[in-house]
Amino acid sequence: MNAPKRRDRAATRTALLEAARRRFAEQGFDGTGVREIAADAGVDATLIFRYFGSKKDLFAEAVKGEIPEGVGDPDAGPAALAEAMAREVVLEDRAGHGGGEHPLLVMLRSAGRPEVRAALREEVCGRYLADLESRFDGGDADLRAELVGALLIGMGVMRSVVASPVLSDAEPDRVAALVVEMVAALENKP
């Protein structure tokens, strides 16, 4: 008699996370079913609940697991940080990173859900923009940081959701240089 095949918990969990990242990137939270994710990973859907608890918890982990802890040089000014953010979040080819989009853009696709909006706000405002704000001198640093955030998120939407022909095909170095110029104009305000 053959012994039952043992499941590799870590490999199964990783396969589920990768499948979830791809599905959530393509279809958003509401458009993705746990059976689809499980089928993509080649396992039974009950394992999603065993390993993650719920679809919502799987989404949170799938997105969180891909967001880098730090972007750019911690001592750089606002324009240099904005350039690093543009390259990392908007311009980087993420084809090998679960769906080809940065996790913040994946979250944006599901922003109709209050819990996703709250997580997105925390990620964008509490982390990226707070760091950017701390690098601006003078008044309105918070407003200038949010303007840069709106620019970068808008660029991400134009490239990945709208697929605008000019921005989508633009040379990343040229786009990054223009971002630096725009943010530099905000850098020296009293």
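Taking the criterion of being on the phi > 0 side of the Ramachandran plot and at pLDDT 85 or above, the residues of region 40-85 that qualify are GLY42, GLY53.
The C-beta contact set for region 112-126 (first residue within 15 Å of PHE24 (Cα to Cα), second residue acidic (Asp, Glu) and at pLDDT 80 or above, distance under 8 angstrom, 6+ apart or interchain) comprises GLY112/ASP30; ARG113/ASP30.
Of the residues making up region 131-168, those that are over 20 Å from ALA25 (Cα atoms) and of a type in the set (Ser, Thr, Tyr) number 1.
The values are calculated or read from the model by the stated rules, or taken from the named source; none is laboratory data. None of these values were measured; they are calculated from a predicted model. Heads up, the Cβs are rebuilt from the backbone with ideal geometry, glycines too, and the neighbour counts pull from every protein chain shown.
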